[in-house]
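Scroll down for the structure; my scribbles are underneath it.
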Amino acid sequence: MKGNRAAIRYAKSLLSLAIEQKKEDKVREDMTFVAETVDNSRDLDLLLKSPIVKSDQKQQVLDKLFSGKISDLSEGFLKIMTNKKREDILSMVAKEYLTQYKLEKNISSAEVISAVPLSKDVLAKVEKMIKDSEKQDIELKQTVNPEIIGGLIVRVGDKQIDASISRKISDLKQRFSENPSYVAEN
């Protein structure tokens, strides 16, 4: 994908500049805001990808949306993207910046899935457990899925620990189907 390679190059350039200016954390906040704004507005996404709308009009829209809400570095970067006529990949660049930032800072993404929202104390314990086992910083995302009935599913990178009630029920069903006398044996 040509757009994806360009997004990676732009994101790496922005991260390099942000690190040089010691603003990588602020730019991370900015790129999170930009990505969420574009992703949550179909109209904005279509406008940025439209070949009919002129770049200066797109820049005016971006200025109204982000001026004063993001750092000067990020604003300047958006202007460069518009001048280079690459505003169509703005959301990809913002997301790729977040990925590159995590790589640079050695941060892993983790997700905990539960049937009900977890308290801050429980989340803190889960986060500490993951940090201790992974030996690196963790960015923990909580997802609520009532279909798991109870327990937790924890995902870190390509690893998953499924300690949900729905999984245990599924495992029991599997055992019963393989060996109908399973109950009598236990």
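Tabulated data
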read-out	value
Pair list, Cβ < 6 Å and 6+ apart or interchain, from region 13-39 residues that are farther than 12 Å from residue 91 by Cβ to residues that are of a type in the set (Gly, Ala, Ser) and surrounded by 22 or more Cβ atoms within 10 Å (Cβ to Cβ)	24/18; 27/18; 27/74; 30/74
Candidate set from region 131-163 (those that are modelled with pLDDT under 85 and outside any helix (DSSP H, G or I)); member that is farthest from the chain's Cα centre (by Cα)	163
Qualifying positions in region 1-48 - among the polar types (S, T, N, Q) and within 20 Å of residue 84 (Cα to Cα)	4, 13, 16
When residues of region 164-175 are limited to those that are of a type in the set (Ser, Thr, Tyr) and part of a helix (DSSP H, G or I), the one nearest to residue 108 (Cα to Cα)	166
Residue match in region 48-66 (condition: surrounded by 13 or more Cβ atoms within 10 Å (Cβ to Cβ) and in contact (Cβ under 8 Å) with a residue 40 or more places away in the chain)	yes
Given (1) among the β-branched types (Val, Ile, Thr); (2) within 20 Å of residue 8 (Cβ to Cβ); (3) touching an Asp or Glu at 6+ places or on another chain (Cβ under 6 Å), number of the condition residue 27 does not satisfy	(3)
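The values are calculated or read from the model by the stated rules, or taken from the named source; none is laboratory data. Owing to the predicted nature of the structure, the values given are computational and were not obtained by experimental measurement. Positions of Cβ are backbone-derived with ideal geometry, glycine not excepted, and every protein chain shown enters the neighbour counts.
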